[in-house]
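What follows is one structure encoded as structure tokens, with my remarks underneath.
The values are calculated or read from the model by the stated rules, or taken from the named source; none is laboratory data. Just so it is clear, the model here is predicted, and its values are computed rather than measured. Backbone-built Cβ (ideal geometry, glycine too); neighbour counts: all protein chains shown.
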Amino acid sequence: MVAPGAVAVAPRRPPLPIFGIGLFAGGTNVQDKQESSDVGALARLRLTPGLLIEGEIAKTSFKDDVRVDRRIGGSLIYEIGAYNSLAPYLLAGAGVQQADVDGSFSTTQDFGELGVGLRLALSRNFHLTFDIRAGKRQAIDSNQPDVVSNAARTVAPPTGTNNSNNTEDYTRARLAAILYF
């Protein structure tokens, strides 16, 4: 006959935070132009322990405001080791932006991007993230200017005309602070 034994039950993990809002800052590199600042706001919603969706609104300004991009987009994020305080993640995002060049030319672009990042949970409700994203933008509409200044031409996005080269590649990096509820 076997003596009854005690079975220890593993403690239940506390739930991860579900909804967060935050601010971010960083920079964008378009057509080898690195003199830009990127600021914005974001919201994150946790779907599963490792899967999140993120929405963002942002503004990118190039040196001397020669070009200003306003963007709205969303990303799907997968955190590897979501219960750890330091967790790497992968992301895929898409959205649309309005680019204004020198006040005389504007274009609407859709974009898609892929990236990697790292999240640091300073507490259950306050996280810092850093990510790097690479993507491609394609013009979908524009008002073609009669004359674009030489300064603006160096950072002008592609026009919405039906040419075969109406895309631009970009990279961006951002540092974010997120408060979870």
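General remarks:
- The requirement of being closer than 18 Å to residue 133 by Cβ, in contact with a Gly (Cβ under 9 Å, 6 or more places away or on another chain), without any contact (Cβ under 8 Å) to a residue 24 or more places away in the chain and loosely packed, with under 14 Cβ neighbours inside 10 Å is fulfilled somewhere in the stretch 29-37, by at least one residue.
- Single match in 21, 77 (criterion: under 24 Å from residue 113 (Cα atoms) and surrounded by fewer than 17 Cβ atoms within 10 Å (Cβ to Cβ)): 21
- One residue alone among 73, 22 is at pLDDT 95 or above and more than 27 Å from residue 107 (Cβ to Cβ), and that residue is 22.
- Residue within the stretch 105-112 that is among the acidic types (Asp, Glu), buried (at least 20 other Cβ atoms within 10 Å of the Cβ) and closer than 30 Å to residue 80 by Cα present: no
- Within the stretch 80-112, the set of residues being without any contact (Cβ under 8 Å) to a residue 40 or more places away in the chain and in contact with a Gly (Cβ under 6 Å, 6 or more places away or on another chain) comprises 87, 94, 95, 112.
- Of residues in the stretch 124-149 being of a type in the set (Asp, Glu) and in a strand (DSSP E or B), the one modelled with the highest pLDDT: 131
- Criterion: among the hydrophobic types (A, V, I, L, M, F, W, C), farther than 27 Å from residue 167 by Cβ, modelled with pLDDT of 90 or more and in contact with a Pro (Cβ under 8 Å, 6 or more places away or on another chain) - qualifying residue of 16, 47: 16
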